[in-house]
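Undergrad: Let me give you the structure first, and then I'll get to my questions.
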Amino acid sequence: MTALLGGTFNPPHNGHVALAHAADQEFGDEVVVLVAARPGHKDVQLDAGTRLELARAAFPGYEVELDSHERTVDMLKAGRWRDPIFLIGADEFSDFLTWKDPDGVVARARLAVATRPGFPHDRLEHVLQGLMHPERVQFFEIEPLAISSKDIRDRVSRGESIEDVVPPGVVELIEARGLYRDSESPG
């Protein structure tokens, strides 16, 4: 089994890293971090190569690679992994039915949905009811970390420290390259 953690990683932060570590503990198999080269669902300010480099700095010891597919279902259709499990946060899962072919995603990979203690499960029930195979979705709890990539970009643009919310290697790259200094930060 391979656990897949996909995203734009614009930038990667401690919440992403915590999710990868929790998946390691929960599923005990390989975790692959997939950086969306051309995400079909949002604009990103940094090119794919820079985001890949940031992700590699955030996830030492993990396989980190570029995903050339715009949508998760298309990446899974490529069929590269045997028995994949796709990692997703509960907030993202709440919008899962708006993704391209959610049933196609669940047909090709089990979903592992990370929830935090106290997360309202009724927000997730409607998604399960909308899927043809809800039994392919499993939930696991992780410690809550109130971090978002947008907040990090905003902090950087204001000249504030981000050392408490991103791994040290990511801080170093952002500072060395002057990333996210522009106040306009999509994605």
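Undergrad: Out of GLU160, GLU92, GLU143, GLU135, which single residue is without any contact (Cβ under 8 Å) to a residue 60 or more places away in the chain, of a type in the set (Asp, Glu) and assigned to a loop (DSSP other than H, G, I, E, B)?
TA: Going through GLU160, GLU92, GLU143, GLU135 in turn, just one is without any contact (Cβ under 8 Å) to a residue 60 or more places away in the chain, of a type in the set (Asp, Glu) and assigned to a loop (DSSP other than H, G, I, E, B): GLU160.
Undergrad: For the stretch 81-103, which positions are among the hydrophobic types (A, V, I, L, M, F, W, C) and in contact with a helix residue (DSSP H, G or I) (Cβ under 8 Å, 6 or more places away or on another chain)? Before the answer, list the steps.
TA: Taking the stretch 81-103 first, the residues among the hydrophobic types (A, V, I, L, M, F, W, C) are 81, 85-88, 90, 93, 96-97, 99.
Matches in the stretch 81-103: ILE85, PHE86, LEU87, ILE88, ALA90, PHE93, PHE96, LEU97, TRP99.
Undergrad: Moving to a separate point now. Condition first: among the acidic types (Asp, Glu) and either in contact with a helix residue (DSSP H, G or I) (Cβ under 6 Å, 6 or more places away or on another chain) or over 20 Å from ALA23 (Cβ atoms) (or both). Now tell me which residues in the stretch 104-138 satisfy that.
TA: ASP122, GLU125
Undergrad: Go through the stretch 1-42 and count every residue that is within 22 Å of VAL105 (Cα to Cα), in contact (Cβ under 8 Å) with a residue 60 or more places away in the chain and surrounded by fewer than 17 Cβ atoms within 10 Å (Cβ to Cβ).
TA: Residues flagged as within 22 Å of VAL105 (Cα to Cα), in contact (Cβ under 8 Å) with a residue 60 or more places away in the chain and surrounded by fewer than 17 Cβ atoms within 10 Å (Cβ to Cβ) within the stretch 1-42 amount to 3.
Undergrad: Looking only at the stretch 71-87, filter to residues that are closer than 16 Å to VAL35 by Cβ and part of a strand (DSSP E or B); which one of those is nearest to the chain's Cα centre (by Cα)?
TA: LEU87
Undergrad: Quickly run through the stretch 98-111 and pick out the residues that are in contact with a Leu (Cβ under 8 Å, 6 or more places away or on another chain) and surrounded by fewer than 19 Cβ atoms within 10 Å (Cβ to Cβ).
TA: ASP103, GLY104
Undergrad: Is there a residue in the stretch 97-109 that is aromatic (Phe, Trp, Tyr), out of contact with any Gly (no Cβ under 8 Å at 6 or more places or on another chain), at pLDDT 95 or above and assigned to a loop (DSSP other than H, G, I, E, B)?
TA: no
Undergrad: I'm checking my understanding of the structure. Among residues of the stretch 163-173 that are among the aliphatic types (A, V, I, L, M) and either within 19 Å of the chain's Cα centre (by Cα) or at pLDDT below 95 (or both), which one is surrounded by the fewest Cβ atoms within 10 Å (Cβ to Cβ)?
TA: VAL171
Undergrad: Under the condition of being in contact with a Gly (Cβ under 9 Å, 6 or more places away or on another chain) and not polar (S, T, N, Q), which residue from the stretch 1-31 is modelled with the lowest pLDDT?
TA: Of the stretch 1-31, the ones in contact with a Gly (Cβ under 9 Å, 6 or more places away or on another chain) are 1, 8, 10, 15-16, 19.
From the residues that got through so far, the ones that are not polar (S, T, N, Q) too are 1, 15-16, 19.
Details: MET1: 84, GLY15: 90, HIS16: 92, LEU19: 91.
Only one residue tops the list, namely MET1.
Undergrad: Right, something else. Taking into account only those residues within the stretch 145-162 that are over 17 Å from VAL44 (Cα atoms) and among the hydrophobic types (A, V, I, L, M, F, W, C), which is modelled with the highest pLDDT?
TA: Result: ILE162.
Undergrad: Also, quick follow-up: Touching a residue at least 40 places away in the same chain (Cβ under 8 Å), crowded, with 18+ Cβ neighbours inside 10 Å and touching a Pro at 6+ places or on another chain (Cβ under 8 Å): is that true of ALA114 in this structure?
TA: It is false that ALA114 is touching a residue at least 40 places away in the same chain (Cβ under 8 Å), crowded, with 18+ Cβ neighbours inside 10 Å and touching a Pro at 6+ places or on another chain (Cβ under 8 Å).
Undergrad: Restricting to the stretch 33-70, name every residue that is part of a loop (DSSP other than H, G, I, E, B), of a type in the set (Asp, Glu) and modelled with pLDDT of 90 or more.
TA: If the condition is that a residue be part of a loop (DSSP other than H, G, I, E, B), of a type in the set (Asp, Glu) and modelled with pLDDT of 90 or more, then ASP47 is the only one that fits.
The values are calculated or read from the model by the stated rules, or taken from the named source; none is laboratory data. As the structure is a computational prediction, the values presented were derived from the model and not from experiment. Counting neighbours? That spans all protein chains shown, and the Cβs are built from the backbone with ideal geometry, glycine included.
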